[in-house]
Amino acid sequence: MLKKILSILSVVVLAGYLCYSVVAMTDRHEDTRLCRGLDLHITDSLHFDLIDEEMVIGVLQEHSIDPVGLPLQDIDPEKIEATLLLHPLVGKVQCYKTGGDMLRINLSSKVPLVRVINNRGQDFYVDSKGEILTQHSLAVQLPVATGYIDRQFAANELLQVVRVLDRSEFWKAQVEQINVTKDGQIELVPRVGDHLLILGSADNVEDKLERLMNFYEKGLDNVGWNKYRSISVAYDGQVVCKKRK
């Protein structure tokens, strides 16, 4: 029995020693190994291509932390993550060393949903999480919101409406502009039809758009898309139209 126990202990000690040796040798070899390149994976930018490999490398070079060619032991993945997160369009970053002496970077971009040009002349974007993006000249097609919109309204009521519009292929194509009046009423400017769609508040947006859709299908198709100058669904259960004079 004692002999069996000693035999098992010997195997455990030997296995431990081998593991220690492998780790120690790896650490010693890392002193001389150089980073061969970046294994970069970007997500959430399939529609807009806001972030690409050139931009990522540019940020790393600007902050003098481009890892390619550096000893692996001198590369700090957490520092790289923190630096990339400083970019206004970067949402999440994960960075770590991999086999083959490469550095893996998983990066996701923020997703802008609407551009705001308010009555104060401020120009900014709101992303899918309600964060304000001050990055200008994004080469993306987004609905534009104008009027009396401060940043709090943009990140809450406006975003609530835009999220619902964005889930519908029809409304994404139909709504050209969103306007907010001085008293906080939300108006939609359609691409097709010479009329104004009045939502009122951001409450019950799904129901209001459903009523508008029903009216489009059963009303406007029969009387013509230019008969009314405004169509309001601001009040529950109602569709109020004002005829063109």
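Listed values, structure above:
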read-out: Search result, residues across segment 139-191 that are among the β-branched types (Val, Ile, Thr) and either modelled with pLDDT under 95 or surrounded by fewer than 19 Cβ atoms within 10 Å (Cβ to Cβ) (or both); value: Val140, Val144, Thr146, Val164, Val175, Thr181, Val189
read-out: Criterion (modelled with pLDDT of 80 or more, under 18 Å from Ser168 (Cβ atoms) and in contact with a strand residue (DSSP E or B) (Cβ under 9 Å, 6 or more places away or on another chain)) met by exactly one of Leu197, Leu220; value: Leu197
read-out: Residue ranges of strands (runs of 3 or more DSSP E) in segment 86-173 with at least 1 members of a type outside the set (Val, Ile, Thr), out of contact with any helix residue (DSSP H, G or I) (no Cβ under 8 Å at 6 or more places or on another chain) and closer than 30 Å to Thr32 by Cβ; value: 102-109
read-out: Close pairs (8 angstrom Cβ cut-off, 6 or more residues apart or separate chains): assigned by TED's automatic domain parsing to the domain that holds Met213 and closer than 24 Å to Glu206 by Cβ in segment 226-245, of a type in the set (Ser, Thr, Tyr) and part of a loop (DSSP other than H, G, I, E, B) anywhere; value: Ala234/Ser201
read-out: Neighbours by Cβ (under 7 Å, 6+ apart or cross-chain): first from segment 113-127, more than 12 Å from Leu158 (Cβ to Cβ); second crowded, with 19+ Cβ neighbours inside 10 Å and at pLDDT 95 or above; value: Asn119/Gly147
read-out: Residue list for segment 96-132, filter: at pLDDT 90 or above and hydrophobic (A, V, I, L, M, F, W, C); value: Met102, Leu103, Ile105, Leu107, Leu113, Val114, Val116, Ile117, Phe124, Val126, Ile132
read-out: Residue identified as over 30 Å from Gly184 (Cα atoms), outside the structural domain of Thr181 (by TED's automatic domain parsing) and in contact with a strand residue (DSSP E or B) (Cβ under 8 Å, 6 or more places away or on another chain) among Ile105, Ile65; value: Ile105
read-out: Every residue from segment 87-120 that is polar (S, T, N, Q) and surrounded by fewer than 17 Cβ atoms within 10 Å (Cβ to Cβ); value: Gln94, Thr98, Asn106, Ser108, Asn119
read-out: Matching residues in segment 66-85 - criterion: being of a type in the set (Asp, Glu), in a helix (DSSP H, G or I) and exposed (fewer than 14 other Cβ atoms within 10 Å of the Cβ); value: Asp74, Glu78
read-out: Pair list, Cβ < 9 Å and 6+ apart or interchain, from segment 167-180 residues that are within 13 Å of Gln141 (Cα to Cα) to residues that are assigned to a helix (DSSP H, G or I); value: Lys172/Leu165; Lys172/Asp166; Val175/Leu165
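The values are calculated or read from the model by the stated rules, or taken from the named source; none is laboratory data. Keep in mind that what you see is a predicted model, and the values were worked out from it rather than measured. Cβ coordinates were reconstructed from backbone atoms using ideal geometry, including for glycine residues, and neighbour counts include every protein chain displayed.
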